[in-house]
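The structure under discussion appears below in the form of structure tokens.
The values are calculated or read from the model by the stated rules, or taken from the named source; none is laboratory data. What you see is a predicted model, and the numbers here were worked out from it, not measured in a lab. Virtual Cβ from ideal backbone geometry, glycine too; neighbours counted across all protein chains shown. Just the protein is used for accessible areas: all its heavy atoms, side chains included, with ligands, DNA and RNA removed. Shrake-Rupley method; radii C 1.70, N 1.55, O 1.52, S 1.80 Å.
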Amino acid sequence: MSDPYSNLAAEDRALQMRIADAMQARCLEPAQIAIRREYLNGLDLPEGALAVEFGSGTGHVTHDLITVAGAARANGIEPSPVMVDRAKESFADEPALSFEIGDAKNTGLNGESVDLVLMHTLLCHVPGPEDVVREAFRVLKPGGVLAICDGDYDTATAQTADFDPLDQLVRFMINQNVTNLWIMRQIAGMLSEAGFALGRRRGHGYVAEGEATYFLTVIDRGADRMAETGLLFPETADALTAEARRRVEAKRFFGYMSYVSLIARKL
Ligand SMILES: C[S@@+](CC[C@H](N)C(=O)[O-])C[C@H]1O[C@@H](n2cnc3c(N)ncnc32)[C@H](O)[C@@H]1O
């Protein structure tokens with residue numbers, strides 16, 4: 001199966017809704033909010049700055065562009081109408097925020113019109129990420145900032161001991177849902193070639209907390225996919241998702257992934 005996030009608008013509505021729920025759950029987890037605060041703080045934007053998130057999903061990260069990064073206005077560009085509708089509904093009371101259907105490779109924005117472009121867990125899903133980087137360079141003003149954060153997907157795990165079967169579900173989910181597994185290990189070279197000056201690069205550890213709401217969506221999607229492909233019988237997949245929930249209840253669940261952020265500037 002190809003990564004459904006790479007062309008979400010083409011997927012059936014039920015899958016888009018399921019992905020929207022998972023994305024929203026992830027956005028709202030305190031540990032995820034903390035990661036975004038770490039790298040979106042102190043970007044030193046000019047007064048009245050316009051920020052654009054490429055791949056804005058449910059819009060919660062776009063909202064951070066105002067509340068954390070300090071932009072005056074923020075716009076989210078996203079190909080899935082389900083996501084755009086959800087973002088508009090959630091942030092209807094925020095006049096400084098807008099969302100529209102579009103493609104990060106060809107946004108239709110004017111050249112040199114934007115102060116900050118954000119890509120938060122976008123590039124891992126886009127075939128040809130160089131085209132998105134080029135579009136960011138085109139729309140940014142001289143001195144404009146590009147902020148990128150994505151998973152370092154090889155570090156995703158639910159493993160608590162040798163041969164832990166839950167870990168296979170996480171690995172399978174990543175295998176089926178990520179196009180560019182190594183994007184954050186390759187992105188510095190890509191930005192440099194596009195003409196960006198590289199700034200701060202940081203690692204951010206994410207440990208699933210409390211009810212592990214988002215990580216359970218990863219486990220469930222891995223299990224469902226294993227059943228759909230015939231690797232597991234459905235009852236085995238159900239037993240593994242039940243195991244994950246038992247672990248959460250018993251405080252024995254562990255879910256982890258590293259994220260990496262990189263700030264660059266168009267000189
Ligand atoms: C993992 S989600 C992240 C959404 C949001 N940034 C967040 O962190 O909650 C990736 C998003 O990128 C969008 N996407 C994929 N390809 C895109 C493209 N070519 N242009 C713009 N967005 C794209 C997907 O539809 C999806 O909503």
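Take ASN106 and decide whether it is within 10 Å of the ligand (Cβ to nearest atom) and modelled with pLDDT of 95 or more. Yes. Just for the stretch 133-167: of the residues that are open to solvent by 10 Å² or more (accessible area, probe 1.4 Å) and within 22 Å of the chain's Cα centre (by Cα), which one is farthest from THR241 (Cα to Cα)? Across the stretch 133-167, the extreme among qualifying residues is PHE137. Screening the stretch 1-24 for residues that are among the small types (Gly, Ala, Ser) and either free of Cβ contacts under 8 Å to residues at least 24 places away in the same chain or more than 10 Å from the ligand (Cβ to nearest atom) (or both) and picking the one that is nearest to SER90 (Cα to Cα) gives ALA14.
For the condition free of Cβ contacts under 8 Å to residues at least 24 places away in the same chain and under 15 Å from ILE263 (Cβ atoms), GLY70 does not qualify. Count of the stretch 134-162 residues, restricted to those that are within 12 Å of the ligand (Cβ to nearest atom) and within 12 Å of LEU191 (Cα to Cα), is 4.
For the stretch 212-225, does any single residue satisfy the condition of being more than 24 Å from ALA20 (Cα to Cα) and not hydroxyl-bearing (Ser, Thr, Tyr)? No: the stretch 212-225 contains no residue that is more than 24 Å from ALA20 (Cα to Cα) and not hydroxyl-bearing (Ser, Thr, Tyr). One residue stands out in the stretch 174-195 among those that are out of contact with any Cys (no Cβ under 9 Å at 6 or more places or on another chain) and open to solvent by less than 10 Å² (accessible area, probe 1.4 Å): the one that is farthest from VAL52 (Cα to Cα), namely ILE187. Residues in the stretch 1-41 that are open to solvent by 20 Å² or more (accessible area, probe 1.4 Å), assigned to a loop (DSSP other than H, G, I, E, B) and either touching a helix residue (DSSP H, G or I) at 6+ places or on another chain (Cβ under 6 Å) or at pLDDT 95 or above (or both): MET1, GLU11, ASN41. Residues of the stretch 222-255 that are assigned to a loop (DSSP other than H, G, I, E, B) and farther than 20 Å from ALA156 by Cα: THR229, GLY230, LEU231, LEU232, PHE233, ALA250. Just for the stretch 52-90: of the residues that are among the hydrophobic types (A, V, I, L, M, F, W, C) and away from the ligand (no atom under 13 Å from the Cβ), which one is surrounded by the fewest Cβ atoms within 10 Å (Cβ to Cβ)? Out of the qualifying residues, it is ALA72. The number of residues in the stretch 73-89 being of a type outside the set (Asp, Glu) and either assigned to a strand (DSSP E or B) or without any contact (Cβ under 8 Å) to a residue 12 or more places away in the chain (or both) comes to 5. When the stretch 96-132 is filtered for residues that are farther than 22 Å from MET184 by Cβ and surrounded by fewer than 17 Cβ atoms within 10 Å (Cβ to Cβ), the ones remaining, listed by number, are ALA96, GLU100, ILE101, ASN106, GLY108, ASN110, GLY111, GLU112, SER113.
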